[in-house]
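I have placed the structure first, in the form of structure tokens, so that the comments after it can refer back to it.
The values are calculated or read from the model by the stated rules, or taken from the named source; none is laboratory data. None of the values given here were measured: they were computed from a predicted structure. Cβ sites come from the backbone with ideal geometry, for glycine too, and all protein chains shown count toward neighbours.
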There are 2 protein chains.
Amino acid sequence: MAVHSEMTSLLTRLTSLLDDRVSTNANTREQHGRDEGFRPSQPPDVVVFPLSTEEVSAVAKVCADMAVPMIPYGVGTSLEGQVMAPNGGVCMDMSRMNEVLQVNPRDLDCVVQAGVTRRQLNTYLRDQGMFFPVDPGADATMGGMASTRASGTNAVRYGTMRENVLGLTVVLADGRVVTTGGRARKSSAGYDLTHLFVGSEGTLGIITELTVRLFGRLEAISAAVCSFSDLSAAVDAVIETIQLGIPVARIELLDEVQMDAVNRYSGLSYAVSPTLFLEFHGTRSAVAEQAELVGDIVNQHGGSNFQWARDEVDRNALWRARHDAAYACKALRVGCEIWPTDVCVPISQLAECIRQTRLDIVQSGLVAPIVGHVGDGNFHVVIVLDTNDPDEIRRANEFNERLIARALAVGGTSTGEHGIGLGKRKHLLREHGNAVELMAGIKQVLDPQNLMNPGKIFMRP
Amino acid sequence: MAVHSEMTSLLTRLTSLLDDRVSTNANTREQHGRDEGFRPSQPPDVVVFPLSTEEVSAVAKVCADMAVPMIPYGVGTSLEGQVMAPNGGVCMDMSRMNEVLQVNPRDLDCVVQAGVTRRQLNTYLRDQGMFFPVDPGADATMGGMASTRASGTNAVRYGTMRENVLGLTVVLADGRVVTTGGRARKSSAGYDLTHLFVGSEGTLGIITELTVRLFGRLEAISAAVCSFSDLSAAVDAVIETIQLGIPVARIELLDEVQMDAVNRYSGLSYAVSPTLFLEFHGTRSAVAEQAELVGDIVNQHGGSNFQWARDEVDRNALWRARHDAAYACKALRVGCEIWPTDVCVPISQLAECIRQTRLDIVQSGLVAPIVGHVGDGNFHVVIVLDTNDPDEIRRANEFNERLIARALAVGGTSTGEHGIGLGKRKHLLREHGNAVELMAGIKQVLDPQNLMNPGKIFMRP
């Protein structure tokens with residue numbers, strides 16, 4: 001976008017399509033060039049606000065014609081730089097495509113535009129006795145969550161976006177609109193393009209509509225907290241719970257550093273030791289039985305008795321503390337940024353992997369609480385980073401390398417739910433080797449000009 | 001393979017790799033050229049029996065070099081001609097790659113070679129208190145089940161191959177070996193190649209190893225049968241059960257024609273009316289509660305009281321009757337073949353779709369019981385076909401067209417679990433429109449010579 005006349009021509013064409021929903025305002029661009037990671041903004045040249053699949057398609061055709069990059073944007077809650085525009089281009093802000101198009105209570109599914117956020121959807125569904133389970137913490141858009149294959153606290157029971165997206169409408173790099181999947185609960189009809197687009201981080205096309213699974217609201221929900229003197233014991237309790245097939249809805253691990261941060265930030269007084277936050281869903285008697293079974297397991301592994309949160313107010317307070325973990329981390333050091341990184345390992349490796357990670361954090365002289373979706377073997381290290389200290393940045397980078405190397409060495413993955421973005425491209429190569437060539441080949445077929453969110457996932461610009 | 005000298009050269013090269021595990025025996029070829037559908041055999045030129053990923057890769061390199069088609073073969077239980085060799089070529093019989101390579105009880109996963117059958121795996125796992133849930137009826141190989149995205153009776157609770165395959169080793173058309181996914185329960189690292197290969201019916205590569213999820217054996221299992229005077233009432237009971245989130249493990253519908261066939265074939269005396277076969281898994285009290293809740297729902301919809309099968313012998317007898325449904329159909333007309341076809345629709349459309357289908361069967365003068373994995377909206381019509389009667393074949397084909405058109409019209413799919421193969425290629429186009437171009441583009445990247453199971457899924461030869 002160096003040439004001025006090209007920019008003028010692009011803006012003319014975009015404005016003819018979208019009228020005043022085209023912005024080159026510096027603040028708008030700056031804001032759309034960064035996410036919730038610690039990286040400084042890399043702004044796009046233009047931000048557009050389409051209202052329909054047709055408009056996204058029309059914009060894509062203009063961009064394809066002029067070889068301009070396209071970067072889809074939800075609400076900017078990604079963590080690995082997925083929304084940044086290292087090559088400039090047109091940011092497609094999907095937040096105004098926020099209509100719930102169809103809800104089918106008998107089928108427990110719905111169709112939404114990509115800009116609907118998960119909280120908006122759940123508010124919409126509340127009166128109909130249903131909910132959408134995937135909960136990554138942030139109030140992200142459904143399109144963004146699908147793009148990064150997001151998950152969160154209750155994936156252990158309800159699955160991630162991978163399991164909950166039934167079908168998509170996608171605008172390809174040349175403006176073609178394709179629909180994938182459908183409303184049938186299962187299908188053996190051809191290649192699974194839905195799963196190909198889920199997790200592709202906008203590099204294969206722009207998701208404009210999603211059909212997703214819903215769940216009926218449960219009769220009873222109870223949440224509880226229990227602490228352990230020892231991290232391995234906490235993980236062993238989780239492993240036993242899962243092996244027994246107890247359908248626990250949430251099972252989160254916070255290490256002692258994270259618990260200290262949570263106590264300080266939220267004015268609470270939990271024990272400063274490895275702690276599990278749990279939630280049980282079901283009928284009243286099923287919840288009671290699950291709680292009793294898990295309580296026994298926890299006791300056998302030396303855990304404390306449950307502190308219960310049975311009503312909604314108490315439960316919300318408990319989960320607010322958990323969801324505020326990142327802010328609690330940030331509050332540990334004034335003026336610092338947070339760099340949340342995540343890996344996922346086979347659960348049998350989790351305790352040892354976290355133990356080594358804790359040791360590594362201490363030896364690296366970093367402040368970095370650990371919090372994990374422990375039922376899935378997924379854990380986050382939230383590095384609280386002084387971005388003005390080059391040596392600390394170096395140590396943080398080196399620590400992140402070792403964290404991922406440890407995860408890969410035991411059969412894990414370089415990211416459980418944050419995605420590759422800009423931050424983990426070389427780790428993807430380490431993890432998947434020659435399979436990355438296949439991914440690049442598929443990208444080449446769908447986006448021969450490399451205009452769809454270029455620079456993400458793959459090492460080439 | 002018309003040229004004799006080429007065939008000689010191919011056999012020389014294959015024999016140098018696999019010694020006597022190369023066959024051109026007419027019976028062997030004939031047997032490998034057909035599946036459990038009604039189509040006459042289209043034999044490959046050669047059948048090979050590799051023992052390792054390395055051998056599959058070596059054979060693929062020879063085939064790629066000589067531009068010879070490759071057709072992967074498990075035990076031949078596909079239904080839409082997936083294993084047939086319309087262009088000749090080399091059939092890769094994977095049945096001798098039948099080792100369970102790794103079982104990880106703490107992680108509830110295992111790694112198997114593609115030729116391991118599901119019963120073999122479950123026998124292997126029995127003493128370790130775990131099981132692999134996907135159960136398509138036939139004792140298919142794990143590689144074959146992944147290739148057709150198989151599911152079956154308990155997908156409503158445990159998912160299909162789509163949900164249960166964590167990672168794959170695949171030999172590509174040029175002999176390259178790639179691994180996809182991994183042992184982590186979730187990952188956001190790059191494109192989801194695992195789901196791309198699952199359901200690709202051997203057209204993108206040959207699956208040689210699989211990492212799959214396992215489940216802990218449940219404390220209690222109970223199975224029950226109940227009948228309804230009316231099909232809609234049965235389906236409504238199922239919808240309510242699922243809406244309430246009752247985690248029923250199996251919920252199968254057999255229509256009155258199927259029940260009559262089952263009674264005759266298995267010497268039973270169930271009511272000849274729409275009937276649900278159910279199974280509950282969990283702790284003793286959870287199973288009791290589920291049974292009570294579903295029992296109430298069934299009664300509210302005018303269903304009969306449950307006939308219980310609580311011990312393993314009774315349960316096996318009950319499910320044997322269900323699994324023998326196809327044979328029961330075949331026994332309805334001596335000397336006929338069976339043509340099982342399947343569609344899947346949003347469950348809200350299921351009762352009406354089955355009602356219209358039953359009417360259509362009667363009007364078409366066909367014998368065709370209906371049996372469905374009703375919790376998923378998936379149902380099978382088993383056409384009992386006199387393959388010597390061209391007019392009956394014509395009527396069956398026309399019926400199948402209308403069946404699929406009805407499913408697509410209500411947002412369903414042309415196949416829930418049997419796949420496309422040779423039989424449903426034009427329906428795939430109808431269902432997915434221009435997305436099929438994308439599928440073909442992906443195939444072109446991975447298999448530029450069109451050697452991997454050519455003629456399947458896509459209309460081109």
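Points to keep in mind about this one:
- Scanning the stretch A:383-399 for residues that are in contact (Cβ under 8 Å) with a residue 60 or more places away in the chain and not in a loop (DSSP other than H, G, I, E, B) turns up just one, A:Leu385.
- Test: residue in the stretch A:309-327 that is part of a loop (DSSP other than H, G, I, E, B), of a type in the set (Asp, Glu) and in contact (Cβ under 8 Å) with a residue 60 or more places away in the chain: yes
- Total residues in the stretch A:445-457, condition at the interface with chain B (Cβ under 9 Å from one of its Cβ atoms) and part of a loop (DSSP other than H, G, I, E, B): 1
- Within the stretch A:351-360, the set of residues being touching a residue at least 60 places away in the same chain (Cβ under 8 Å) and touching a Phe, Trp or Tyr at 6+ places or on another chain (Cβ under 7 Å) comprises A:Ile354 only.
- Count of residues meeting criterion [under 21 Å from the mean Cα position of the chain (by Cα) and free of Cβ contacts under 8 Å to residues at least 60 places away in the same chain] in the stretch B:77-99: 4
- Selection status of A:Ile221, farther than 14 Å from B:His195 by Cβ and surrounded by fewer than 24 Cβ atoms within 10 Å (Cβ to Cβ): yes
- Here A:Ser5 fits the description: at pLDDT below 95 and either surrounded by 17 or more Cβ atoms within 10 Å (Cβ to Cβ) or part of a helix (DSSP H, G or I) (or both).
- Hey, A:Ile246 of a type outside the set (Phe, Trp, Tyr) and not in a loop (DSSP other than H, G, I, E, B) or not: no
Results for (1) modelled with pLDDT of 95 or more; (2) surrounded by fewer than 23 Cβ atoms within 10 Å (Cβ to Cβ); (3) touching a Gly at 6+ places or on another chain (Cβ under 9 Å); (4) of a type in the set (Asp, Glu), shown as yes or no for each residue.
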| site | (1), (2), (3), (4) |
| --- | --- |
| A:Ser78 | yes, no, yes, no |
| A:Asp93 | yes, no, yes, yes |
| A:Leu108 | yes, yes, yes, no |
| A:Asp127 | no, yes, no, yes |
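- The stretch B:356-380 - residue that is more than 14 Å from chain A (Cβ to nearest Cβ) and of a type in the set (S, T, N, Q) and, of those, surrounded by the fewest Cβ atoms within 10 Å (Cβ to Cβ): B:Gln363
- Restricting A:Trp308, A:Trp319 to those that are out of contact with any Phe, Trp or Tyr (no Cβ under 9 Å at 6 or more places or on another chain), of a type in the set (Phe, Trp, Tyr) and away from chain B (no Cβ under 14 Å) reduces the list to A:Trp308.
- Tally, over the stretch B:60-76, of residues that are crowded, with 24+ Cβ neighbours inside 10 Å and without any contact (Cβ under 8 Å) to a residue 12 or more places away in the chain: 0
- Contacts under 9 angstrom Cβ, first residue in the stretch B:201-222 being touching a residue at least 60 places away in the same chain (Cβ under 8 Å), partner buried (at least 24 other Cβ atoms within 10 Å of the Cβ) and among the basic types (Lys, Arg), 6 or more apart: B:Glu201/B:Arg149; B:Glu201/B:Lys456; B:Gly202/B:Lys456; B:Thr203/B:Lys456; B:Thr211/B:Arg183; B:Arg213/B:Arg185
Listed here are the residues, each with its yes/no results for (1) over 23 Å from the mean Cα position of the chain (by Cα); (2) assigned to a helix (DSSP H, G or I); (3) over 12 Å from A:Gly88 (Cβ atoms).
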site	(1), (2), (3)
A:Ser9	yes, yes, yes
A:Leu14	yes, yes, yes
A:Leu17	yes, yes, yes
A:Thr28	yes, yes, yes
A:Arg34	no, no, yes
A:Arg39	no, no, yes
A:Glu54	yes, yes, yes
A:Val59	yes, yes, yes
A:Cys63	yes, yes, no
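- If only residues of the stretch B:279-290 that are crowded, with 20+ Cβ neighbours inside 10 Å and either touching a residue at least 24 places away in the same chain (Cβ under 8 Å) or more than 8 Å from chain A (Cβ to nearest Cβ) (or both) are counted, the one that is nearest to A:Gln243 (Cα to Cα) is B:Gly282.
- Strands (runs of 3 or more DSSP E) contained entirely in the stretch B:115-225, each with at least 3 residues that are within 12 Å of chain A (Cβ to nearest Cβ): B:165-171, B:177-181
- Here is the figure for the stretch A:138-152: residues that are surrounded by fewer than 24 Cβ atoms within 10 Å (Cβ to Cβ) and either within 13 Å of A:Val212 (Cα to Cα) or not aliphatic (A, V, I, L, M) (or both) total 1.
- Consider the stretch A:291-305 and keep the residues that are among the hydrophobic types (A, V, I, L, M, F, W, C) and within 14 Å of chain B (Cβ to nearest Cβ). The one that is surrounded by the most Cβ atoms within 10 Å (Cβ to Cβ) is A:Val294.
- If the condition is being more than 7 Å from chain B (Cβ to nearest Cβ) and under 23 Å from A:Ala140 (Cα atoms), then the stretch A:405-424 contributes A:Gly421, A:Leu422, A:Gly423, A:Lys424.
- In the stretch B:318-346, residue farthest from the chain's Cα centre (by Cα) [restricted to those that are under 21 Å from B:Glu279 (Cβ atoms) and modelled with pLDDT of 95 or more]: B:Cys344
- Residues being more than 10 Å from every other protein chain (Cβ to nearest Cβ), surrounded by fewer than 22 Cβ atoms within 10 Å (Cβ to Cβ) and touching a strand residue (DSSP E or B) at 6+ places or on another chain (Cβ under 6 Å) - total across the stretch B:227-247: 1
- B:Ile251 fulfils the conditions (1) part of a loop (DSSP other than H, G, I, E, B); (2) surrounded by 18 or more Cβ atoms within 10 Å (Cβ to Cβ); (3) among the aliphatic types (A, V, I, L, M) except for a single criterion, (1).
- Residue match in the stretch A:346-355 (condition: of a type outside the set (Ser, Thr, Tyr), in a strand (DSSP E or B) and crowded, with 24+ Cβ neighbours inside 10 Å): no
- Of the residues making up the stretch A:50-69, not a single one is in contact with a strand residue (DSSP E or B) (Cβ under 6 Å, 6 or more places away or on another chain) and farther than 16 Å from A:Gly175 by Cβ.
- For A:Glu437, the criteria (1) modelled with pLDDT of 95 or more; (2) assigned to a helix (DSSP H, G or I); (3) under 24 Å from the mean Cα position of the chain (by Cα); (4) under 23 Å from A:Thr148 (Cα atoms) hold in every case but one, which is (3).
- Taking each residue of the stretch A:120-137 that is outside the structural domain of A:Asn164 (by TED's automatic domain parsing) and looking for partners that are modelled with pLDDT under 95 with beta-carbon atoms closer than 8 Å, six or more apart or interchain, yields nothing.
- Exactly one residue out of A:Ile383, A:Ile442 is buried (at least 19 other Cβ atoms within 10 Å of the Cβ), more than 8 Å from every other protein chain (Cβ to nearest Cβ) and closer than 28 Å to A:Val134 by Cβ: that is A:Ile383.
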